[in-house]
Amino acid sequence: MSSNDDQITQAERRFGVRFPEDYRRFLVTEGSMARFVPPADDLLMINSVTELIEVNEAGDFQERFPGSVVIGGDGSREMLTYDFRQEPPPLVLLDVSAPDWSSAIHQATSFSALLEHEKAARTVR
C-alpha cells in the first residue's frame, strides 16, 4: 500500500466514510488540481489528501454540515463538498457562511461526472 493510500484511509477513518472509487483513484493518480473553468473562468480546486483533514477542521463545517467532507472549492468562499448523508454521496457547493444544508447547491452526482463537465466546458471554449 502506498503512502497516498495510507493517507486516504486515514482521512476516511477520521470522517467515518469511504470515499467513492473515482475520487480515491483521482487522489492516488492526480493528487490535486486547480483549473479555471469556462465560461466564467471560475477556479476549481481539488485539495490533496494531505489537506483534507486540515481544511475540514477549519471553522465548524463538521458541526454545521454533519456528513460533509470538503474536497475543494473556488479558492475563496465556496467549498466543494461531498454529502455523505446520501448514497452515493453527491457533490455540492456550500458557502463558508452557510448556516446549514439548505444552502447546498448541487454540482454533480459523482466525482467523475464533475470532471467530465469541467472537461466539456474547457473543450467548448
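Taken together, the values in this text are just the output of simple stated rules run on the coordinates, not laboratory data. Given the structure is predicted, the values throughout are model-derived calculations rather than measurements. Here the Cβ positions follow ideal geometry from the backbone for every residue, glycine too, while neighbour counts run over all protein chains shown.
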Show me, for the range 97-113, the HN-Hα J-couplings you get by feeding each phi into the Karplus relation (A = 6.51, B = -1.76, C = 1.60, θ = phi - 60°), rounded to Hz, glycine and proline as x.
9, 4, x, 6, 4, 4, 8, 5, 10, 4, 10, 6, 7, 7, 5, 4, 5
Local charge sum around V49 (other residues, Cβ-Cβ under 13 Å, Lys/Arg +1, Asp/Glu -1)?
-2
Residues whose built amide H sits under 5 Å from the amide H of V37, excluding neighbours closer than 5 in sequence, are D42, L43, L44
Which peptide among 29-40, 51-62 comes first, and what is the full order, when sorted by highest mean count of other Cβ atoms within 10 Å?
51-62, 29-40
Find which of A120, P39, S3 sits farthest along the positive direction of the dipole of the chain, computed with +1 on the beta-carbon of Lys and Arg, -1 on that of Asp and Glu, about the Cα centre.
A120
Let me know the charge dipole size of the chain about its Cα centre in debye, to the nearest 20, where only the beta-carbon of Lys, Arg (+1) and Asp, Glu (-1) is charged.
260
Per-residue HN-Hα couplings for the range 53-65, Karplus 6.51 cos²θ - 1.76 cosθ + 1.60 at θ = phi - 60°, whole Hz, x for Gly and Pro?
5, 4, 4, 6, 8, 6, x, 10, 4, 5, 6, 6, 10
